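J.: This is the structure I want to talk about, given as structure tokens.
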Amino acid sequence: MGEAHEVVKPLVGIKEAGKVVKMGADGTPTKLIDLVAEDKVVEILEEAERPVTLISEEIGVYKIGKGPSEAVFVVDPLDGTRNALKNIPAYGISIAVADGQLNSSKTHDKLSMGDIELGFVKNFANNDIYHAQKGEGAWLNRKKISPSNKQDISDSSIGAYIYRADMSKIDKLCKTVRSMRILGSVAIELCYVADGTYDAFLDIRGNLRIVDISAAKLIIEEANGLITDEKCRPMECGLNVIERTSVIASCNKNIHKQIIDILGGI
């Protein structure tokens, strides 16, 4: 994560870093700063000289080394690209790791988000590192974390990604909660639910990429928070760059249910 940060750092706040250089494997434009970050991730994995599979939004699925993959890395090399380009301090890297040999019949395209064993999210702007290991809990900078204990949505602070969202639903939620934050970095904001900074976070556009949320999903679950899609279904999307989803993450079941009720129910 540190190496990726170092190559991104000189481009933060630089206009040229936002130049579109190609179309990514996920079907969205790739900016120079995104490509530089992803190239460094590829370089690091190749230097390790171990057989692994990388799934990333720009390169798609990329096999490294010979033989069956020992691990599958699901990476967003730069979450919060627009923030980085404007030097707004909420941008970083998301890395989720699944065991490539979890099951001999499971190639990368058969793995789902439920197979993630390790999750890491680093905010490059302040060096905060969130991480989790399945069955072992979640941490922020080596301190174990847990969500808030809020029980009433009217007293809660939530984050949301609302660009091109259904504003009739969002408006009702805004009128109910105590405060709302919009930072533009899904991975980091999901981690804010895990450590109690937010009481909830949602993105109900149905256009959220798996690479953005795979690590943070595990971090929330290991912190004993709750994360589902907007219909309250478990998040078991496949590990790829094609699938899209919505997300609601909450500190507990009570807040989760209140949000879904406000949004119109299941």
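The values are calculated or read from the model by the stated rules, or taken from the named source; none is laboratory data. What you are looking at is a predicted structure, and each value in this text was computed from that prediction instead of being measured. Ideal geometry is used to build each Cβ from the backbone, glycine not excepted, and the neighbour counts take in all protein chains shown. Heavy atoms of the whole protein, side chains included, go into the accessibility calculation; ligands, DNA and RNA do not. Shrake-Rupley method; radii C 1.70, N 1.55, O 1.52, S 1.80 Å.
J.: Looking at ILE93, is it surrounded by 23 or more Cβ atoms within 10 Å (Cβ to Cβ), modelled with pLDDT of 95 or more and over 25 Å from ARG142 (Cβ atoms)?
T.: For ILE93, the condition - surrounded by 23 or more Cβ atoms within 10 Å (Cβ to Cβ), modelled with pLDDT of 95 or more and over 25 Å from ARG142 (Cβ atoms) - is not met.
J.: Ok, one more. Within the stretch 227-266, can you find the residues that are touching a Ser or Thr at 6+ places or on another chain (Cβ under 9 Å), touching a residue at least 40 places away in the same chain (Cβ under 8 Å) and hydrophobic (A, V, I, L, M, F, W, C)?
T.: MET235, CYS237, LEU239, VAL241, VAL247, ILE248, ALA249, CYS251, ILE255, ILE259, ILE262
J.: Could you count how many residues in the stretch 204-251 are part of a strand (DSSP E or B) and not small (Gly, Ala, Ser)?
T.: To start, the set of residues in the stretch 204-251 that are part of a strand (DSSP E or B) comprises 204-209, 226-228, 238, 244-250.
Add one more test, that the residue is not small (Gly, Ala, Ser), and what stays is 204-205, 207-209, 226-228, 244-245, 247-248.
Matching residues across the stretch 204-251 total 12.
Listed here are the residues, each with its yes/no results for (1) open to solvent by 60 Å² or more (accessible area, probe 1.4 Å); (2) under 18 Å from ASP195 (Cα atoms).
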position	(1), (2)
PRO29	yes, no
GLU46	yes, no
GLY65	no, no
THR81	no, no
ASN87	yes, no
MET113	no, no
ASN123	no, yes
ASN127	yes, yes
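J.: Considering every residue within the stretch 186-193, establish whether at least one is within 20 Å of LYS122 (Cβ to Cβ), modelled with pLDDT of 90 or more and either among the polar types (S, T, N, Q) or assigned to a loop (DSSP other than H, G, I, E, B) (or both).
T.: no
J.: Residues that are touching a Leu at 6+ places or on another chain (Cβ under 9 Å) and within 26 Å of LYS110 (Cα to Cα), at least 2 per element: which strands (runs of 3 or more DSSP E) completely within the stretch 1-60 meet that? Show your work before the answer.
T.: On the way: elements: 20-23, 29-31, 52-56.
Output list reads 52-56.
J.: Inside the stretch 217-263, can you point out the residues that are over 22 Å from LYS143 (Cβ atoms) and of a type in the set (Lys, Arg)?
T.: Of the stretch 217-263, the ones over 22 Å from LYS143 (Cβ atoms) are 228-248, 253-263.
Hits for the stretch 217-263 are LYS231, ARG233, ARG244, LYS253, LYS257.
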